[in-house]
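Can you keep this structure in mind? I'll have questions shortly.
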Amino acid sequence: MFGKKCTLCGSKLDGRGICTECGLDNNKSEKNYRINQSAVRQSALAGKSGTAKRLDVAKQVTAQSKKYTQPKTTYYKANQQKKEKNGTSKWVIITVVIVVVLIGITMVSVFEVMENNGVIHSSNIWQDDSGDSWWNDSGDAYEEIVNDPYEYLTEELPASGTSVEYPLSSGKYVAGVHIPAGNYVAKVQDDFDVVQVWDYTNGIYLYEYEGKDVDNYLDDLRIYPGAVVTVSSETTIMFASENAQTDDIEGMPNPLTAFYQMKGGEVWTAGEDFEAGVYDLAVTGDYGQVEICVMDEEGYELEEIYLFMGTEGSDGTTYKNMVFPEGAQISCDEEIDVELTPSEKIESMDYMSFYRRY
(Lines give C-alpha, C1' and ligand atoms only; values in the text may rest on other atoms or scores of the structure.)
Protein backbone atom coordinates (compact mmCIF):
# COMPACT_ATOMS: atom_id res chain seq x y z
CA MET A 1 0.00 0.00 0.00
CA PHE A 2 3.07 2.21 -0.29
CA GLY A 3 2.21 5.61 -1.71
CA LYS A 4 -1.54 5.19 -1.25
CA LYS A 5 -3.58 7.34 1.06
CA CYS A 6 -6.89 6.93 2.82
CA THR A 7 -9.80 7.82 0.56
CA LEU A 8 -11.65 9.26 3.54
CA CYS A 9 -9.16 11.39 5.49
CA GLY A 10 -6.04 11.34 3.29
CA SER A 11 -3.78 9.74 5.93
CA LYS A 12 -1.25 6.96 5.39
CA LEU A 13 -2.30 3.32 5.11
CA ASP A 14 -0.61 0.39 6.81
CA GLY A 15 0.44 -2.80 5.04
CA ARG A 16 -3.14 -4.17 5.21
CA GLY A 17 -4.70 -1.06 3.63
CA ILE A 18 -6.12 0.20 6.95
CA CYS A 19 -5.90 3.94 7.61
CA THR A 20 -3.52 4.75 10.47
CA GLU A 21 -5.69 7.76 11.51
CA CYS A 22 -9.37 6.95 11.07
CA GLY A 23 -9.17 3.13 10.79
CA LEU A 24 -11.04 2.92 7.48
CA ASP A 25 -10.52 -0.29 5.47
CA ASN A 26 -9.45 1.03 2.07
CA ASN A 27 -9.49 -2.44 0.52
CA LYS A 28 -13.29 -2.11 0.10
CA SER A 29 -14.93 -0.22 -2.72
CA GLU A 30 -13.97 3.42 -2.56
CA LYS A 31 -17.12 4.25 -4.40
CA ASN A 32 -19.32 2.91 -1.62
CA TYR A 33 -17.71 5.14 0.98
CA ARG A 34 -18.01 8.23 -1.11
CA ILE A 35 -21.62 7.56 -1.89
CA ASN A 36 -22.34 7.47 1.87
CA GLN A 37 -20.38 10.65 2.66
CA SER A 38 -22.68 13.12 4.40
CA ALA A 39 -23.07 16.86 3.95
CA VAL A 40 -21.80 17.21 7.51
CA ARG A 41 -18.50 15.60 6.55
CA GLN A 42 -18.10 17.68 3.42
CA SER A 43 -18.79 20.93 5.25
CA ALA A 44 -16.32 19.95 7.97
CA LEU A 45 -13.62 19.38 5.39
CA ALA A 46 -14.15 22.78 3.86
CA GLY A 47 -11.87 25.40 5.40
CA LYS A 48 -9.79 22.94 7.47
CA SER A 49 -6.46 21.25 6.81
CA GLY A 50 -4.00 18.80 8.30
CA THR A 51 -4.48 16.65 11.36
CA ALA A 52 -7.24 18.81 12.88
CA LYS A 53 -9.37 18.30 9.78
CA ARG A 54 -8.83 14.56 9.84
CA LEU A 55 -9.64 14.21 13.50
CA ASP A 56 -12.90 16.14 13.08
CA VAL A 57 -13.92 13.92 10.23
CA ALA A 58 -13.08 10.80 12.20
CA LYS A 59 -15.28 11.94 15.05
CA GLN A 60 -18.15 12.69 12.69
CA VAL A 61 -17.80 9.31 11.03
CA THR A 62 -17.92 7.60 14.40
CA ALA A 63 -21.01 9.56 15.36
CA GLN A 64 -22.72 8.81 12.05
CA SER A 65 -21.82 5.13 12.43
CA LYS A 66 -23.39 4.99 15.87
CA LYS A 67 -26.48 6.77 14.64
CA TYR A 68 -27.13 4.46 11.73
CA THR A 69 -26.25 1.26 13.57
CA GLN A 70 -28.59 2.07 16.53
CA PRO A 71 -31.45 -0.46 16.55
CA LYS A 72 -34.69 0.91 15.19
CA THR A 73 -36.54 -0.79 18.02
CA THR A 74 -35.27 1.93 20.37
CA TYR A 75 -37.08 4.58 18.36
CA TYR A 76 -40.17 2.42 18.16
CA LYS A 77 -40.33 2.03 21.93
CA ALA A 78 -39.85 5.72 22.55
CA ASN A 79 -42.66 6.60 20.15
CA GLN A 80 -44.86 3.96 21.70
CA GLN A 81 -44.39 5.41 25.18
CA LYS A 82 -45.17 8.89 23.89
CA LYS A 83 -48.35 7.62 22.29
CA GLU A 84 -49.35 5.89 25.51
CA LYS A 85 -48.81 9.09 27.51
CA ASN A 86 -50.77 11.13 24.99
CA GLY A 87 -53.56 8.58 25.10
CA THR A 88 -53.70 8.68 28.90
CA SER A 89 -53.84 12.50 28.90
CA LYS A 90 -56.68 12.46 26.39
CA TRP A 91 -58.72 10.07 28.54
CA VAL A 92 -58.15 12.25 31.66
CA ILE A 93 -59.39 15.34 29.80
CA ILE A 94 -62.43 13.49 28.46
CA THR A 95 -63.29 12.19 31.96
CA VAL A 96 -63.06 15.69 33.48
CA VAL A 97 -65.31 17.15 30.76
CA ILE A 98 -67.93 14.43 31.32
CA VAL A 99 -67.94 15.01 35.11
CA VAL A 100 -68.35 18.79 34.67
CA VAL A 101 -71.24 18.32 32.24
CA LEU A 102 -72.99 15.87 34.59
CA ILE A 103 -72.64 18.30 37.54
CA GLY A 104 -74.12 21.11 35.44
CA ILE A 105 -77.07 18.96 34.38
CA THR A 106 -77.68 17.90 38.01
CA MET A 107 -77.65 21.50 39.28
CA VAL A 108 -80.12 22.63 36.62
CA SER A 109 -82.41 19.71 37.51
CA VAL A 110 -82.25 20.57 41.23
CA PHE A 111 -83.15 24.22 40.54
CA GLU A 112 -86.06 23.13 38.36
CA VAL A 113 -87.40 20.80 41.06
CA MET A 114 -87.06 23.51 43.74
CA GLU A 115 -88.85 26.08 41.58
CA ASN A 116 -91.63 23.65 40.66
CA ASN A 117 -92.19 22.93 44.36
CA GLY A 118 -92.28 26.59 45.32
CA VAL A 119 -89.00 26.59 47.25
CA ILE A 120 -87.39 29.13 44.91
CA HIS A 121 -89.42 32.11 43.80
CA SER A 122 -88.28 33.72 40.57
CA SER A 123 -89.56 37.11 41.76
CA ASN A 124 -86.70 37.34 44.26
CA ILE A 125 -83.70 37.91 42.01
CA TRP A 126 -80.33 39.45 42.89
CA GLN A 127 -78.46 41.62 40.41
CA ASP A 128 -75.41 43.82 40.71
CA ASP A 129 -75.33 47.56 40.01
CA SER A 130 -74.80 46.99 36.30
CA GLY A 131 -77.86 44.78 36.04
CA ASP A 132 -75.79 41.68 35.29
CA SER A 133 -76.16 38.46 37.21
CA TRP A 134 -73.93 35.48 37.92
CA TRP A 135 -76.16 32.95 36.14
CA ASN A 136 -76.88 34.79 32.88
CA ASP A 137 -77.79 38.17 31.43
CA SER A 138 -81.50 37.68 32.02
CA GLY A 139 -81.12 38.11 35.78
CA ASP A 140 -82.10 34.56 36.78
CA ALA A 141 -79.21 34.13 39.20
CA TYR A 142 -78.94 34.36 42.97
CA GLU A 143 -82.59 33.63 43.44
CA GLU A 144 -83.29 33.95 47.13
CA ILE A 145 -84.92 31.03 48.86
CA VAL A 146 -87.94 32.41 50.71
CA ASN A 147 -89.62 30.05 53.16
CA ASP A 148 -92.87 30.67 54.98
CA PRO A 149 -91.86 30.75 58.68
CA TYR A 150 -95.33 29.67 59.68
CA GLU A 151 -95.76 26.74 57.29
CA TYR A 152 -95.59 24.13 60.06
CA LEU A 153 -98.22 25.68 62.33
CA THR A 154 -101.04 23.32 63.26
CA GLU A 155 -103.15 25.84 65.17
CA GLU A 156 -103.76 29.58 65.18
CA LEU A 157 -103.60 31.96 68.12
CA PRO A 158 -107.00 32.95 69.54
CA ALA A 159 -108.53 35.81 67.56
CA SER A 160 -109.83 37.57 70.67
CA GLY A 161 -107.72 39.08 73.42
CA THR A 162 -106.53 42.35 74.91
CA SER A 163 -105.14 45.37 73.08
CA VAL A 164 -101.65 46.08 74.47
CA GLU A 165 -98.44 47.99 73.78
CA TYR A 166 -95.05 47.23 75.32
CA PRO A 167 -91.88 49.30 74.80
CA LEU A 168 -89.19 46.64 75.08
CA SER A 169 -85.49 47.37 75.46
CA SER A 170 -82.77 44.86 74.58
CA GLY A 171 -83.23 41.54 76.36
CA LYS A 172 -84.89 38.12 76.35
CA TYR A 173 -88.64 37.85 76.90
CA VAL A 174 -90.52 34.58 77.36
CA ALA A 175 -94.09 34.64 76.02
CA GLY A 176 -96.53 33.84 78.84
CA VAL A 177 -94.03 35.11 81.45
CA HIS A 178 -92.71 38.56 80.51
CA ILE A 179 -95.21 39.37 77.74
CA PRO A 180 -98.50 37.67 76.81
CA ALA A 181 -98.78 35.48 73.72
CA GLY A 182 -100.49 37.01 70.71
CA ASN A 183 -100.14 38.40 67.20
CA TYR A 184 -97.78 41.38 67.36
CA VAL A 185 -96.56 44.25 65.24
CA ALA A 186 -93.08 45.56 66.13
CA LYS A 187 -92.42 49.25 65.49
CA VAL A 188 -88.68 49.90 65.36
CA GLN A 189 -86.85 53.21 65.69
CA ASP A 190 -83.84 52.18 63.61
CA ASP A 191 -83.52 50.08 60.45
CA PHE A 192 -81.16 47.75 62.26
CA ASP A 193 -83.12 47.19 65.45
CA VAL A 194 -83.52 43.40 65.55
CA VAL A 195 -86.35 41.13 66.73
CA GLN A 196 -85.72 37.39 67.03
CA VAL A 197 -88.39 34.79 67.77
CA TRP A 198 -87.37 31.24 68.73
CA ASP A 199 -90.22 28.80 69.14
CA TYR A 200 -89.06 25.19 69.06
CA THR A 201 -92.53 23.75 69.75
CA ASN A 202 -94.12 25.40 66.72
CA GLY A 203 -91.06 25.51 64.48
CA ILE A 204 -90.88 29.33 64.26
CA TYR A 205 -87.45 30.93 63.89
CA LEU A 206 -87.33 34.61 62.97
CA TYR A 207 -84.55 37.19 62.65
CA GLU A 208 -86.20 40.40 61.53
CA TYR A 209 -85.17 44.03 61.01
CA GLU A 210 -86.43 46.88 58.84
CA GLY A 211 -83.24 47.16 56.77
CA LYS A 212 -83.50 43.68 55.22
CA ASP A 213 -83.27 43.50 51.42
CA VAL A 214 -86.39 41.34 51.30
CA ASP A 215 -89.72 41.57 53.09
CA ASN A 216 -89.61 41.14 56.88
CA TYR A 217 -92.18 39.87 59.36
CA LEU A 218 -92.10 42.77 61.83
CA ASP A 219 -95.79 43.36 61.08
CA ASP A 220 -96.67 39.68 61.46
CA LEU A 221 -95.05 38.28 64.61
CA ARG A 222 -96.98 35.25 65.83
CA ILE A 223 -95.79 34.73 69.36
CA TYR A 224 -97.01 31.54 71.04
CA PRO A 225 -96.71 30.62 74.74
CA GLY A 226 -93.16 29.57 75.60
CA ALA A 227 -91.54 31.35 72.64
CA VAL A 228 -88.41 33.39 73.44
CA VAL A 229 -88.37 36.90 71.95
CA THR A 230 -84.92 38.51 71.80
CA VAL A 231 -84.71 42.27 71.26
CA SER A 232 -81.62 44.21 70.18
CA SER A 233 -81.98 48.00 70.12
CA GLU A 234 -80.10 51.13 71.21
CA THR A 235 -83.43 52.41 72.58
CA THR A 236 -86.70 50.43 72.61
CA ILE A 237 -88.97 48.62 70.16
CA MET A 238 -92.73 49.02 70.54
CA PHE A 239 -94.67 45.73 70.50
CA ALA A 240 -98.40 46.11 69.83
CA SER A 241 -101.08 43.40 69.81
CA GLU A 242 -104.87 43.30 69.48
CA ASN A 243 -105.25 39.75 70.80
CA ALA A 244 -102.74 39.52 73.67
CA GLN A 245 -103.52 36.56 75.92
CA THR A 246 -103.14 38.50 79.17
CA ASP A 247 -105.14 35.94 81.17
CA ASP A 248 -102.53 33.26 80.55
CA ILE A 249 -99.54 34.92 82.21
CA GLU A 250 -97.49 32.62 84.44
CA GLY A 251 -93.99 32.72 85.95
CA MET A 252 -92.83 33.68 89.42
CA PRO A 253 -91.18 36.59 91.27
CA ASN A 254 -87.40 36.52 91.27
CA PRO A 255 -86.15 35.20 94.64
CA LEU A 256 -82.81 37.02 94.32
CA THR A 257 -82.32 40.40 95.97
CA ALA A 258 -78.58 41.17 95.81
CA PHE A 259 -77.10 43.23 93.00
CA TYR A 260 -73.47 43.26 91.84
CA GLN A 261 -71.10 45.81 90.36
CA MET A 262 -68.62 44.40 87.84
CA LYS A 263 -65.60 46.46 86.79
CA GLY A 264 -64.29 46.65 83.24
CA GLY A 265 -61.97 43.82 82.23
CA GLU A 266 -63.17 41.41 84.93
CA VAL A 267 -64.41 37.84 84.44
CA TRP A 268 -67.06 36.46 86.81
CA THR A 269 -68.53 33.00 87.27
CA ALA A 270 -72.11 32.34 88.43
CA GLY A 271 -72.12 30.43 91.71
CA GLU A 272 -68.69 31.79 92.68
CA ASP A 273 -68.59 35.56 92.15
CA PHE A 274 -72.37 36.05 92.18
CA GLU A 275 -75.51 33.95 92.71
CA ALA A 276 -76.82 31.99 89.75
CA GLY A 277 -80.14 33.36 88.51
CA VAL A 278 -81.81 35.87 86.20
CA TYR A 279 -80.46 39.44 86.03
CA ASP A 280 -80.93 42.72 84.22
CA LEU A 281 -77.62 44.18 82.99
CA ALA A 282 -76.92 47.92 83.08
CA VAL A 283 -73.77 49.31 81.49
CA THR A 284 -71.95 52.58 82.10
CA GLY A 285 -69.58 53.79 79.39
CA ASP A 286 -69.69 54.71 75.72
CA TYR A 287 -69.13 51.34 74.11
CA GLY A 288 -67.87 47.85 74.95
CA GLN A 289 -68.51 44.16 74.53
CA VAL A 290 -70.13 41.93 77.12
CA GLU A 291 -69.63 38.19 76.65
CA ILE A 292 -71.67 35.46 78.36
CA CYS A 293 -70.67 31.81 78.09
CA VAL A 294 -73.09 29.15 79.36
CA MET A 295 -71.81 25.61 80.03
CA ASP A 296 -73.58 22.47 81.19
CA GLU A 297 -72.72 20.44 84.30
CA GLU A 298 -69.94 18.60 82.47
CA GLY A 299 -68.29 21.79 81.23
CA TYR A 300 -69.51 21.65 77.61
CA GLU A 301 -70.53 24.95 76.05
CA LEU A 302 -74.29 25.35 75.48
CA GLU A 303 -74.39 28.92 74.26
CA GLU A 304 -72.12 31.93 73.81
CA ILE A 305 -73.72 35.40 73.74
CA TYR A 306 -72.08 38.64 72.63
CA LEU A 307 -73.65 42.00 73.52
CA PHE A 308 -72.44 45.36 72.22
CA MET A 309 -73.48 47.73 74.96
CA GLY A 310 -73.05 51.35 76.04
CA THR A 311 -74.40 54.72 74.99
CA GLU A 312 -73.15 54.01 71.46
CA GLY A 313 -73.71 50.23 71.45
CA SER A 314 -76.29 48.47 69.26
CA ASP A 315 -77.74 46.76 72.37
CA GLY A 316 -78.06 50.02 74.33
CA THR A 317 -77.27 50.51 78.00
CA THR A 318 -79.64 47.89 79.47
CA TYR A 319 -80.33 44.22 78.80
CA LYS A 320 -83.30 42.44 80.43
CA ASN A 321 -83.72 38.91 81.78
CA MET A 322 -80.29 37.37 81.18
CA VAL A 323 -80.23 33.86 82.63
CA PHE A 324 -77.05 32.69 84.44
CA PRO A 325 -77.00 28.98 85.44
CA GLU A 326 -74.27 27.65 87.75
CA GLY A 327 -70.88 27.93 86.07
CA ALA A 328 -71.93 30.53 83.48
CA GLN A 329 -69.30 33.20 82.93
CA ILE A 330 -69.61 36.89 82.16
CA SER A 331 -66.80 39.22 81.04
CA CYS A 332 -66.67 42.77 79.73
CA ASP A 333 -64.26 45.14 78.03
CA GLU A 334 -62.21 47.52 80.14
CA GLU A 335 -64.05 50.53 78.70
CA ILE A 336 -67.32 49.69 80.46
CA ASP A 337 -68.65 48.64 83.89
CA VAL A 338 -71.62 46.29 84.30
CA GLU A 339 -74.20 46.22 87.06
CA LEU A 340 -76.22 43.03 87.63
CA THR A 341 -79.67 43.58 89.16
CA PRO A 342 -82.15 40.71 89.76
CA SER A 343 -84.91 40.72 87.13
CA GLU A 344 -88.45 41.31 88.33
CA LYS A 345 -89.97 38.05 87.09
CA ILE A 346 -88.57 34.65 86.07
CA GLU A 347 -89.85 31.55 84.34
CA SER A 348 -88.46 29.08 86.91
CA MET A 349 -85.46 28.44 89.15
CA ASP A 350 -84.25 25.67 86.83
CA TYR A 351 -81.94 28.10 85.06
CA MET A 352 -80.24 25.50 82.89
CA SER A 353 -83.59 24.52 81.32
CA PHE A 354 -83.75 27.93 79.62
CA TYR A 355 -80.85 26.92 77.36
CA ARG A 356 -82.04 23.36 76.85
CA ARG A 357 -85.45 24.32 75.49
CA TYR A 358 -84.00 24.33 71.95
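The values are calculated or read from the model by the stated rules, or taken from the named source; none is laboratory data. The model shown is predicted, which means the values in this text are computed figures rather than measured ones. Note: ideal-geometry Cβ built from the backbone for every residue, glycine included; neighbour counts use all protein chains shown. Heavy atoms of the whole protein, side chains included, go into the accessibility calculation; ligands, DNA and RNA do not. Shrake-Rupley method; radii C 1.70, N 1.55, O 1.52, S 1.80 Å.
Which is open to solvent by 10 Å² or more (accessible area, probe 1.4 Å) and over 30 Å from E165 (Cα atoms), of A328, A282, A276?
Result: A276 is the single residue among A328, A282, A276 that is open to solvent by 10 Å² or more (accessible area, probe 1.4 Å) and over 30 Å from E165 (Cα atoms).
Ok, one more. Which of the residues belonging to segment 273-319 are more than 17 Å from C332 (Cα to Cα) and more than 30 Å from the chain's Cα centre (by Cα)?
Passing the criteria: E275, A276, G277, V278, E297, E298.
Any idea how many residues of segment 239-273 are part of a strand (DSSP E or B) and either out of contact with any Asp or Glu (no Cβ under 6 Å at 6 or more places or on another chain) or open to solvent by less than 30 Å² (accessible area, probe 1.4 Å) (or both)?
Of the residues in segment 239-273, 14 are part of a strand (DSSP E or B) and either out of contact with any Asp or Glu (no Cβ under 6 Å at 6 or more places or on another chain) or open to solvent by less than 30 Å² (accessible area, probe 1.4 Å) (or both).
Regarding segment 309-324, can at least one residue be identified that is touching a helix residue (DSSP H, G or I) at 6+ places or on another chain (Cβ under 9 Å) and β-branched (V, I, T)?
There is at least one residue in segment 309-324 that is touching a helix residue (DSSP H, G or I) at 6+ places or on another chain (Cβ under 9 Å) and β-branched (V, I, T).
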